[in-house]
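For reference, the structure is listed below as structure tokens.
The values are calculated or read from the model by the stated rules, or taken from the named source; none is laboratory data. Everything numeric in this text was worked out from a predicted model, so none of it was measured. Positions of Cβ are generated from backbone atoms using ideal geometry, with glycine treated the same way; all protein chains shown enter the neighbour counts.
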Amino acid sequence: MRSFEIYFGCGSYSSYTNDAGYFRVRNFKDILEKIIPFFTKHNIRGVKAQDFQDFCRVVELMKAKKHLTTSGLALILEIKVGMNKNRLDKAVSSSLSRPEGKKNLNTIEPRVQS
């Protein structure tokens, strides 16, 4: 991850421990011109690919200045809620609560006896 700073010529690396850390890019132009094109060319696989697609949607909204409106900000927050660990939590809880061929329990209407 430390080599990202050198390769991209932007951002910074910080470590949590000797074995873990994160790479952060705060400059919007660098995200648009360096980070997104790189990961578009070199496909991300798995669940992180969906997170990257959502990230790109947010960047496009910000590029169009939608983050400066209440509705645009609400949309960005809605996208964020479904990303990363939240995406995994939703997938796991959905698969646990809805076995193959069964209705989602949240959509079953209660029966009223007369």
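Annotation: VAL92 fulfils all but one of (1) of a type in the set (A, V, I, L, M); (2) modelled with pLDDT of 95 or more; (3) loosely packed, with under 11 Cβ neighbours inside 10 Å; the unmet one is (2). The test for being surrounded by 11 or more Cβ atoms within 10 Å (Cβ to Cβ) and not in a loop (DSSP other than H, G, I, E, B) holds for ILE76. Of the residues LEU32, LEU61, the single one that is crowded, with 16+ Cβ neighbours inside 10 Å, modelled with pLDDT of 95 or more and assigned to a helix (DSSP H, G or I) is LEU61.
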